[in-house]
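K.L.:
Input: one structure, supplied below.
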Amino acid sequence: MTDGVSSYCPGVIGIGIDGCRSGWVFIQLRGEEGFRYGVVERLEALRRQIIGSDLTLIDIPIGLKSSGSEERRCDLAARKLLGLRASSVFPAPCRQVLRCCHYPGGSSLNQSITGRKLSRQSWAIVPKIAETDALLRALPDRRKLREMHPEVCFMALNGGKPMGHNKKTSPGQAERLAVLGRYLPQAEAVYREIRAQWPKRDLASDDILDALVGAVTASRPEWLVSLPEISEVDELGLPMEIVYAVPDGS
């Protein structure tokens with residue numbers, strides 16, 4: 001974990017978390033105290049930070065269906081909003097898949113319950129969904145940890161216009177940094193400082209940007225809205241929603 005200096009002062013402690021090759025990257029904006037960031041192997045290592053924050057937003061599905069063929073309404077709504085970026089919203093697995101250890105079995109189980117096979121992209125994040133689910137259910141205040149989707153967050157901060165370039169390209173990263181800079185003037189400096197700390201084989205550049213947009217969004221509670229407006233809940237009472245921020249005047 002590393003600390004830096006920031007002039008960003010929204011008055012709240014907001015954290016953004018994204019999965020990465022080495023585990024999880026987090027960025028915490030702490031008002032006058034500046035920012036903090038790091039990479040941890042297990043999400044459980046961030047329990048104290050999450051409890052101590054006003055809000056933490058994580059790029060991972062929270063709340064899972066256990067029956068029926070209909071996808072989560074938040075995922076359907078996010079795809080509709082994103083247009084050309086709709087493919088970035090993967091179908092969430094059903095809850096029963098969290099117990100599976102291998103892709104063929106997990107995909108078959110998902111198909112038997114939902115009627116849909118599980119994509120490789122969705123299967124790749126199943127362990128991280130399970131980690132998040134376990135931590136969330138053990139938190140004293142579950143509303144401290146909510147789901148975001150980075151592309152929805154970037155779109156909302158960009159006046160409702162989806163990003164024009166893929167986030168893994170140089171133009172896409174520059175585009176996203178420009179959007180973040182409107183709300184966090186030192187966004188590029190924060191990004192470059194983090195980028196210098198870890199090799200790309202452990203932490204991809206787009207993972208840093210995704211965590212950063214989560215932190216900026218979490219630090220603006222007065223702007224928060226969710227998809228859908230009235231959240232579904234799963235069988236455990238966990239909300240199935242995607243949170244994002246609509247700036248004043250947008």
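The values are calculated or read from the model by the stated rules, or taken from the named source; none is laboratory data. Note that the structure is predicted; figures quoted are calculated from it, not measured. No Cβ is skipped: glycine too gets one built from the backbone with ideal geometry, and neighbour counts run over all protein chains shown. These area figures cover heavy atoms from the full protein model, side chains too; ligands, DNA and RNA do not enter into them. Shrake-Rupley method; radii C 1.70, N 1.55, O 1.52, S 1.80 Å.
K.L.:
Check which residues have an amide H placed less than 5 Å from C20's amide H, if you skip close sequence neighbours.
P.N.:
Sorted by chain and number, the residues that satisfy this are V25.
K.L.:
Restricting to the chain, compute how many DSSP beta bridges are antiparallel as a %, nearest 5.
P.N.:
In the chain, DSSP labels about 75 percent of beta bridges as antiparallel.
K.L.:
Kindly report the accessible area of the chain per residue (heavy atoms of protein chains, probe 1.4 Å, no ligands, DNA or RNA), in Å².
P.N.:
Normalised by residue count, the accessible surface of the chain is 44 Å².
K.L.:
If you build a Gaussian network model of the chain, linking Cα atoms that sit under 10 Å apart, which residue out of D18, D75, D141 swings the most?
P.N.:
Per the Cα network of the chain with a 10 Å cutoff, D141 tops the list.
K.L.:
Enter the angle in degrees (range 0 to 90, nearest 10) between the Cα long axis of helix 205-218 and the first principal axis of the Cα atoms of the chain, meaning the one along which they spread out most.
P.N.:
So the inclination is approximately 80 degrees.
K.L.:
Additional query: In whole percent, how big is the carbon plus sulfur part of the accessible area of the chain, probe 1.4 Å, protein atoms only?
P.N.:
Carbon and sulfur together cover 51 percent of it.
K.L.:
Here is a follow-up. Provide I125, I50 ordered by accessible surface of protein heavy atoms (probe 1.4 Å), highest first.
P.N.:
I125, I50
K.L.:
Using a Gaussian network for the chain with springs between C-alpha atoms less than 10 Å apart, which of these wobbles most: Q121, Q186, Q173?
P.N.:
Q121
K.L.:
Which residue, G63, G38, G105, has the most motion in a Gaussian network model of the chain that connects Cα atoms within less than 10 Å?
P.N.:
G105
K.L.:
log₁₀ I(q)/I(0) of the chain at q = 0.10, 0.11 Å⁻¹, via Debye over equal Cα point scatterers, no solvent, to two decimals?
P.N.:
-0.44, -0.54
K.L.:
Hey, another quick one. Tell me the mean residue ellipticity at 222 nm calculated for the chain from its helices only (DSSP H runs of n ≥ 4, each -39500 (n - 2.57), averaged over every residue, nearest 500).
P.N.:
Mean residue ellipticity at 222 nm (helix-derived): -10500 deg cm²/dmol.
K.L.:
To the nearest 10 degrees, how steep is helix 170-181 against the longest Cα principal axis of the chain, on a 0 to 90 scale?
P.N.:
Here the helix axis deviates by roughly 70 degrees.
K.L.:
Also: For R143, R99, R48, what's the largest-to-smallest order of accessible area, 1.4 Å probe? Before the final figure, lay out each step's value.
P.N.:
Numbers: R143 120, R99 180, R48 205 Å².
From most exposed to least exposed: R48, R99, R143.
K.L.:
In Å³ and rounded to a whole number, note down the convex hull volume per residue for the Cα atoms of the stretch 7-135.
P.N.:
130
K.L.:
Sticking with this one: Where does the Debye-calculated log10 I(q)/I(0) of the stretch 202-250 sit at q = 0.14, 0.15, 0.20, 0.27 Å⁻¹, using only Cα point scatterers of equal weight, no solvent?
P.N.:
-0.49, -0.55, -0.80, -0.97
K.L.:
Nearest 10 degrees is fine. How inclined is helix 103-114 to the longest principal axis of the chain, computing both from alpha carbons?
P.N.:
With rounding to tens, the tilt is 70 degrees.
K.L.:
Any idea what log10 I(q)/I(0) is at q = 0.11, 0.15, 0.18, 0.22 Å⁻¹ for the stretch 78-220, Debye with uniform C-alpha scatterers and no solvent?
P.N.:
Normalising to I(0) and taking log10 leaves -0.51, -0.92, -1.18, -1.32.
K.L.:
For the chain, calculate the relative contact order in percent as a whole number, restricting contacts to Cα pairs under 8 Å that are 6 or more residues apart.
P.N.:
Normalised by residue count, the contact order of the chain is 28 percent.
K.L.:
Follow-up question, since we're still on this one. Which pairs in the list K80/K161; K168/K200; K80/K200; K65/K128 are over 20 Å apart, alpha-carbon to alpha-carbon?
P.N.:
On the way: K80/K161 12 Å; K168/K200 12 Å; K80/K200 32 Å; K65/K128 17 Å.
Going by Cα-Cα distance, K80/K200 fall outside the 20 Å limit.
K.L.:
Using a Förster distance of 35 Å, how high is the FRET efficiency between R21 and R143, based on the Cβ-Cβ distance and rounded to 0.05?
P.N.:
It comes to 0.75.
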